[in-house]
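S.K.: Structure incoming, see below.
The values are calculated or read from the model by the stated rules, or taken from the named source; none is laboratory data. Because the structure is a prediction, the values reported are computed rather than measured. Please note: Cβ atoms are built from the backbone with ideal geometry, for glycine as well, and neighbour counts cover all protein chains shown. These accessible areas exclude ligands, DNA and RNA; they are computed on the full protein's heavy atoms, side chains included. Shrake-Rupley method; radii C 1.70, N 1.55, O 1.52, S 1.80 Å.
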Amino acid sequence: MNGQKRERAAEWLARAQQQPQYAWNAWSRTGVAVLPLGPRFVTSRLSEKLVYAAVGSSAPGEVAVGLERLLNGPVIFDGRRMGGTYYPLMSPLGEAVWEHQDVAPLLAEGTYLGVPRLDRREPPGTFWVVPPRTVGDVCEPDAVRALIALACTATRETEQ
């Protein structure tokens, strides 16, 4: 992503906050801004186990390629939680029902997410596995649903 596109994508993310300067200050100080979920984007909490089953690998490079291919949108990794967690940024669901709440909870309005500065692409801490490519770049909820279904099928097959 060129510098101008990256700057516009960062500005779009920062505007999730009522006062975008808060996000810019947090990115400058700590590299991660806590942004509200809701009208701009939502996410689902995907465990490492679920993601590894869907992409068929736990190798970081292969996971990144697999997530980019399967979701076609931005994904954050937070390694501070036990086991690590992936957060695909998704377009809001509107009135649609999220049927995977038990294995991959939906996080939406009233919830906040640690969003890394766009140049944070590797550990430690929270970083982009797949960064946003443009303003408004998000995963389609159906792509995330398909990834979860793929992971559940793969897990069932390995347990037999």
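S.K.: So if I take the centroid of the Cα atoms in the range 94-160 and the same for the range 1-45, what is the distance between those two points in Å?
M.R.: 17 Å
S.K.: Might you tell me the accessible area per residue for the range 1-141, computed with a 1.4 Å probe and given in Å²?
M.R.: For the range 1-141, the per-residue accessible area is 52 Å².
S.K.: For the range 22-63, give the percent of accessible area contributed by carbon and sulfur heavy atoms, probe 1.4 Å, rounded to a whole number.
M.R.: C and S fraction of accessible area: 55 percent.
S.K.: Rg and Dmax in Å for the chain, alpha carbons only: what are they?
M.R.: In order Rg, Dmax, the Cα atoms of the chain give 15.2, 52 Å.
S.K.: Ignoring ligands, DNA and RNA, what percent of the 1.4 Å accessible area of the range 93-160 is carbon and sulfur?
M.R.: The value for the range 93-160 is 52 percent carbon and sulfur by accessible area.
S.K.: Suppose we take every Cα in the range 15-78 and form the convex hull; what volume per residue is that in Å³?
M.R.: 103 Å³
S.K.: Continuing with this model, one more query. Using C-alpha positions alone, give me the convex hull volume of the range 46-126 per residue in cubic angstrom.
M.R.: Here the figure is 115 Å³ per residue.
S.K.: Taking N as the number of residues in the range 76-160, what is its Cα Rg relative to 2.2 N^0.38 Å?
M.R.: 1.19
S.K.: Still on this structure, I have one more. Near Ala53, within a Cβ-to-Cβ distance under 10 Å, what is the net charge of the other residues, with Lys and Arg +1 and Asp and Glu -1?
M.R.: After counting each charged neighbour, the total is 0.
S.K.: Continuing with this model, one more query. Would you tally the net charge around Ser91, using a Cβ to Cβ cut-off of less than 14 Å, leaving Ser91 out, and scoring K and R as +1, D and E as -1?
M.R.: -3
S.K.: When the helix-only estimate is applied to the chain (DSSP H runs of n ≥ 4, each -39,500 (n - 2.57), divided by the residue count), what is the mean residue ellipticity at 222 nm, nearest 500 deg cm²/dmol?
M.R.: Value at 222 nm, helices only: -12000 deg cm²/dmol.
S.K.: Just add up the charged neighbours of Val129: K/R +1, D/E -1, any other residue whose Cβ is under 9 Å from the Cβ of Val129.
M.R.: Counting the neighbours of Val129, the net charge comes to 0.
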